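What follows draws every value from the coordinates through simple rules; no lab data is involved. Because the structure is predicted, anything quoted here is derived from the model rather than measured. Cβ: placed from backbone, ideal geometry, glycine included. Neighbour counts: every protein chain shown.
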Amino acid sequence: MPKDDLIRLRHMIDAAKEVLSFAKNKNRKDLYTDRMLALSIVKSIEIIGEAASTVSKEFQVKHKEIPWASIIAMRNRLIHVYFDIDLDRVWDTITDDLPPLITALEKAISQENEK
């Protein structure tokens, strides 16, 4: 695995964990009423997608269990359609997608380090 891939995976994990910490003890409605919360979470999800977009294609192919295209598409949507972000979809990402993503990324790092 190229060294840069490992760095990007760690960036993704750090940003995902940050999102979960921001959302702790919050609910879906809070994204609509707390602008700072929404912006911080959206920015962190953008970082996850940006880091994913720089992971080598070779690594992405090797680790198909990670939904690379969806992660990158989410980043692109948040960046380019910033005026029409679906905060319900953002909340679903937090609750449904990020915990298993963290697990998958940590497993991929572990597998690569065993080699």
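Couple of notes before you dig in:
- To the nearest ten degrees, helix 35-53 and the longest principal axis of the Cα atoms of the chain are 20 degrees apart.
- Cross-link pairs exceeding 28 Å in C-alpha to C-alpha distance, out of Lys29/Lys57; Lys43/Lys107; Lys17/Lys64; Lys24/Lys107; Lys43/Lys64; Lys29/Lys62, comprise Lys29/Lys57; Lys29/Lys62.
- Relative contact order computed over the chain (Cα-Cα under 8 Å; 6+ residues apart), in percent: 35
- Estimated [θ] at 222 nm from DSSP helical runs (n ≥ 4, -39500 (n - 2.57)) normalised by residues in the chain, nearest 500: -23500 deg cm²/dmol
- Rounded to 10°, Cα long-axis angle of helix 3-23 versus longest principal axis of the chain: 30
- Residues Thr103 and Ser56, FRET efficiency given R0 of 22 Å [Cβ-Cβ distance, rounded to 0.05]: 0.55
- C-alpha long axis of helix 98-113 to longest principal axis of the chain, angle in °: 20
- Among 100-107, 27-34, the order from most to least packed when residues are scored by Cβ within 10 Å on average: 100-107, 27-34
- Take the Cα of Glu114, step 7 Å toward its Cβ, do the same at Asn25, and the gap between the two points is 3.8 nm.
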